[in-house]
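Asks: Sharing a structure, written as structure tokens. Questions coming.
The values are calculated or read from the model by the stated rules, or taken from the named source; none is laboratory data. It should be emphasised that the depicted structure is a prediction, and the values quoted were computed from it without experimental measurement. Cβ coordinates were reconstructed from backbone atoms using ideal geometry, including for glycine residues, and neighbour counts include every protein chain displayed.
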Amino acid sequence: MIKTFKIKEAVFTWFILSMPLFLFAQTKNEEDLLPQVKELLDQEDSVISSNEISNYISQLTDYIVENPSSTLANGYLLRLESLIANLSDASKRAEIYLESGREYGRKRDYAQAMAAYLEALDAYKSLGDLGKVAEVQRQIGIVFFFIEEYGMSAEILKESLAISIALKDSTEIRYTSWTIGLDYYFMDDHISALQYHAIEKEMALQSKDLAAIAGASGREASAYYGMENYDEAIEKYTEAYTYYLTDGDLGQAGVLQSDIARVQIKAGDAEAAIETLTKYSLRYKVEMSTRSLALTYYQLGDAYKQVGKYELALASFDSARHYNIMDGVAPIRLKETVEQMASVYEILGDFENALKYQKLFYDLNEEIVNDPNRNLVIELNNQYHIKKAQEATDEALAKLEASKDELTSERANRITWALGGAAFAMMIVVLVLVLQRQAFIQNLLVRLKIKN
């Protein structure tokens, strides 16, 4: 389990840092919000930025969830959405949808993010901006990555990668191959993961960005780790560690030493792992994030447990638990930590504490299972596939329109009947998907009601 969440947290960090900082939604109070939206709407359309509209749409949506009867807020939201729809500048409208998708992605509201990205995708296709089409496709792929639909994510991202390669856009090639590699990693296809991370690394080397090269080397190491080639994994992690040191990123250097220790533990050399963690990784403790420290202390607890130093293992796991609580983002990591603590207490014969932490483990597991974000797979797949079906039908109808003058009446009739059948079949598919979505939502509401 360690490998999965370490890599996933790294991608989430990249996903956040690759976008403009979100400064407003978490700090504005309700009293400030509505007057500021009014002030925005009173301005000339030409001076309103896409970021402002995206931010306020996101904030108003959250506000209305808490205050559904606020007619003023609902009215402002309708005006902002109308403003987007009526913008004469199509590129500005597309940019607003893209920024809205990013905002919702940062908030982990993946259903709203998907809806915004699909609008952006339509807008950029109509503009013929292939570079932006590739970027939006990549963002859609990332949404599927975060709901753990790795096969769907890889399929979408490969479309994006093909466009980026044709455009010779090295930055998009790097980001896209990075995430495809991770998709394959989580599908346990480590050879394919290594191939895509090799593409990522080549683009990073061309950019001469030390942090990018280090990240790619680290992900190559993770692929080797998945293949149980531990010597190669340690070599690649050491390479990444050197790049981070050269770049002056001591926090990431500490994380890479923790990764090396993880490989040593897996290879059965817990004593070496303890030395790596205490002498090297924790040397950079001040520069490391709370999430990285949580991971490092977890590794240390695991190593101490393997060599029978149970009191030290407990102390390390407790530190990991402390940093996980401070981080507040990864309940799955916290669940793993308290499960380890329960196990150590049981080994020591302290069954009272063992039961205490085992109960906490089950409580956390229930919280994770009932997380609505983990139940979005049906809805997001529906949104994407309905869109694809509509595009296919539109394309077929367009081809018919273009060639109708050349067709005989009999052939035209045959094609029209065929298209009618295809359209009817698509309607059936859409109806089934909608019914599935309604059943899914009803089931989720029932579960939430039972839970409450």
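Asks: Can you name every residue in segment 247-281 that is part of a helix (DSSP H, G or I), out of contact with any Gly (no Cβ under 7 Å at 6 or more places or on another chain) and hydrophobic (A, V, I, L, M, F, W, C)?
Replies: Correct list: LEU250, ALA253, VAL255, ILE260, ALA261, VAL263, ILE265, ALA270, ALA272, ALA273, ILE274, LEU277.
Asks: Any residue in segment 72-81 that is surrounded by fewer than 24 Cβ atoms within 10 Å (Cβ to Cβ), more than 25 Å from GLU200 (Cα to Cα), at pLDDT 85 or above and not assigned by TED's automatic domain parsing to the domain that holds VAL37?
Replies: Scanning segment 72-81, I find no residue that is surrounded by fewer than 24 Cβ atoms within 10 Å (Cβ to Cβ), more than 25 Å from GLU200 (Cα to Cα), at pLDDT 85 or above and not assigned by TED's automatic domain parsing to the domain that holds VAL37, so the answer is no.
Asks: A further question on this structure: Quick check on segment 311-327. Is at least one of its residues at pLDDT below 95 and more than 23 Å from ASN353 (Cα to Cα)?
Replies: yes
Asks: Kindly establish whether LEU205 is farther than 17 Å from ALA261 by Cα, surrounded by fewer than 20 Cβ atoms within 10 Å (Cβ to Cβ) and in contact with a Ser or Thr (Cβ under 7 Å, 6 or more places away or on another chain).
Replies: So LEU205 fails the test.
Matching residues to (1) in contact with a helix residue (DSSP H, G or I) (Cβ under 8 Å, 6 or more places away or on another chain); (2) within 22 Å of VAL344 (Cβ to Cβ); (3) surrounded by fewer than 24 Cβ atoms within 10 Å (Cβ to Cβ):
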position	(1), (2), (3)
TYR244	yes, no, no
ASP247	yes, no, yes
ASP259	yes, no, no
ARG262	yes, yes, no
ILE265	yes, yes, yes
ASP269	no, yes, yes
ALA273	yes, yes, no
THR278	yes, yes, yes
GLY308	no, yes, yes
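Asks: Do we find a residue being over 15 Å from the mean Cα position of the chain (by Cα), free of Cβ contacts under 8 Å to residues at least 40 places away in the same chain and surrounded by 18 or more Cβ atoms within 10 Å (Cβ to Cβ) anywhere in segment 140-158?
Replies: No - not one qualifying residue is present in segment 140-158.
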